[in-house]
1. Return the only residue of S133, S169 being closer than 26 Å to A117 by Cα and away from the ligand (no atom under 16 Å from the Cβ).
2. Every residue in region 279-309 that is closer than 26 Å to S224 by Cα, in contact (Cβ under 8 Å) with a residue 60 or more places away in the chain and over 21 Å from the mean Cα position of the chain (by Cα), please.
3. So, G120, is that one in contact (Cβ under 8 Å) with a residue 40 or more places away in the chain, among the small types (G, A, S) and within 16 Å of the ligand (Cβ to nearest atom) or not?
4. Just to be sure I understand, how many residues within region 112-153 are within 23 Å of L243 (Cα to Cα) and touching a Gly at 6+ places or on another chain (Cβ under 9 Å)?
5. Report yes if T130 is within 22 Å of the chain's Cα centre (by Cα), assigned by TED's automatic domain parsing to the domain that holds P307 and among the β-branched types (V, I, T), otherwise no.
6. Look through region 329-354, keep the residues that are in contact with a Ser or Thr (Cβ under 7 Å, 6 or more places away or on another chain) and modelled with pLDDT of 90 or more, and return whichever of them is farthest from I378 (Cα to Cα).
7. Hey, any hits in region 165-180 for a residue that's modelled with pLDDT under 90 and assigned to a helix (DSSP H, G or I)?
8. Among (1) buried (at least 19 other Cβ atoms within 10 Å of the Cβ); (2) part of a loop (DSSP other than H, G, I, E, B); (3) on the phi < 0 side of the Ramachandran plot; (4) within 14 Å of the ligand (Cβ to nearest atom), there is one condition S339 misses while meeting the rest; what is its number?
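The values are calculated or read from the model by the stated rules, or taken from the named source; none is laboratory data. Quantities reported herein were computed from a predicted structural model and do not represent experimental measurements. Cβ placement follows ideal geometry from the backbone for every residue including glycine, while neighbour counts extend to all protein chains displayed.
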Amino acid sequence: MLFIALATFITIVMLCEWFVCSKRLFANSTIYKYTYLTASFLVGYMPIIAILTAANPIENQALTTWAILLVITNLLVKIPLVIYLIFHKKYKKHSVIAKVSYIMYVTLLLLSVAYGASIGRNDIQVNFVTIKSNKIPKSFDGYKIAQFSDTHIGNIVLSNDIFKRLADSINKYNVDLIAQTGDLVNMTHKELNPQIISKLKRLKSKDGVVAVLGNHDLGFYVPSKDMAKEIFDSIRVYQREKLGWRLLENQNFFVHRGGDSIAISGVTYPKNLNHNNINSYFGGSNIEQALRGVNDSVFTVMASHTPSLFDSLAAKPVDLMLSGHVHAMQLKIGKWSPSKFLFEKYSGLYNDGDRQLYVNDGFGFVFYPFRMGAKPEITIFSLKSSN
Ligand SMILES: [Fe+2]
C-alpha cells in the first residue's frame, strides 16, 4: 500500500515539474520538453527499477533507498531550474545558453546515475598495499592478506554473479589469508541464500577466511527485538557453519610459519553505536579481550568494521587495523570524497607512528544502487619485514 502511495507521489512530482519546465523554460521547443521529460523520468524511476530487480527485496530498506533518491533527484533537477529563471528575467539573450546548459546538466546527471548504477558499482578494483614493519618476521616476508568489506548482499541487484567475480579476483593472487571486515549482509541472514553461499565458498587461501561483524550484521535495521536477535544469532552460525569462516568476536589467533608467528585479531562493532537497543544480547566491542594473550613483540593485525576504533588503540599492541564501514559514501572524485566531512579517516591508508589503518571502500552499496569513483574494492596487503 505504501509502495503504491509513493509511486503515485513520485509520478505527480515528476509531472508537475515537467509542466512547470515546459511552460516556463521550453515553451517553444518540443524537443527540449521531451528530452527533459525522458531524462527526469529515467532518473526518478531508477530506484524503482532497482527495487523490482533486487536479489532480496526487503520492503523497509527498499523504500528508504527510493525516498532518498527521490529527494536527491528532485533537488538536483530544481537547482538549475531556479538558477535559470533568475538569469532569464535579467538577461534574456542568455536564454539559449541557459537552455543548452540545462539540457546538458540533466543529461550529465542522467549519465552519471546510469554509469554509477551499472558500470560503476560492478567494476571491481584491486588495490595493492605493502605493509613494512620490523616486527614482521622474515618468514612472513611476502605473506598476503586479501581484504573485502561491506558486501551488503541483499542490496545487490540484477545479478549475484559479482560474488563469483569477487572470489575469482581474490583467488588469482594466491593469498595466505582473507579478511571480511563486516556488513556481509544488509538486513538479515536470509540474504545468505544457497547461491550466494556457493559463490562465497569459492574463496581460497592457505589460512582461511576471518570475519568480523558490522552494524548491518547485527539486526539493527529490523523493527522488532525478536527479529534482531534471530538475525544476530543466525548470521554467526551461517558464517561459521555454512561458510566455514573464522568469525572473530573480540578474539584472536596466531598464524605460524616455522617457529615464527603473527597475531590476527577481530573486534565486534561498538555497543555505543547500537541503533536498535539490542543491548541485552549484543556485547559490543572489547579491545582488551580481542587482544588477550597478544604481546607487543608480535606483529598484530586487527579487523574492525568501523575505523573509529583506531583512535582507541593507543598503547595497544596493534600494528595494522583493517576496516570498512564508510564506503567513501560511494562517491570519489580522485581522492576527494564527501565522506571527509563525516569521517576523519574514510578511505585508504593512514599512519599513526608505527601503527597503520586501512579503510577499504567496500564492495556493495547502501541507500542507492550507485558507485562512482569509489569502485567495489579488494585490497591485497603484502607484509614485508624491515629487519
Ligand atoms: Fe557498510
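1. On the way: S133 fails: closer than 26 Å to A117 by Cα.
Sole residue among the options that is closer than 26 Å to A117 by Cα and away from the ligand (no atom under 16 Å from the Cβ): S169.
2. Scanning region 279-309 gives a single hit, F282.
3. Working: in contact (Cβ under 8 Å) with a residue 40 or more places away in the chain: yes; among the small types (G, A, S): yes; within 16 Å of the ligand (Cβ to nearest atom): no.
Judged against the criteria, G120 is not a match.
4. Selection size over region 112-153: 7.
5. Numbers: within 22 Å of the chain's Cα centre (by Cα): no; assigned by TED's automatic domain parsing to the domain that holds P307: yes; among the β-branched types (V, I, T): yes.
Criteria not met by T130.
6. Y346
7. Taking region 165-180 and keeping what is modelled with pLDDT under 90, we get none.
The answer is no; no qualifying residue exists.
8. Tallying (1) buried (at least 19 other Cβ atoms within 10 Å of the Cβ); (2) part of a loop (DSSP other than H, G, I, E, B); (3) on the phi < 0 side of the Ramachandran plot; (4) within 14 Å of the ligand (Cβ to nearest atom), S339 fails exactly one: (2).
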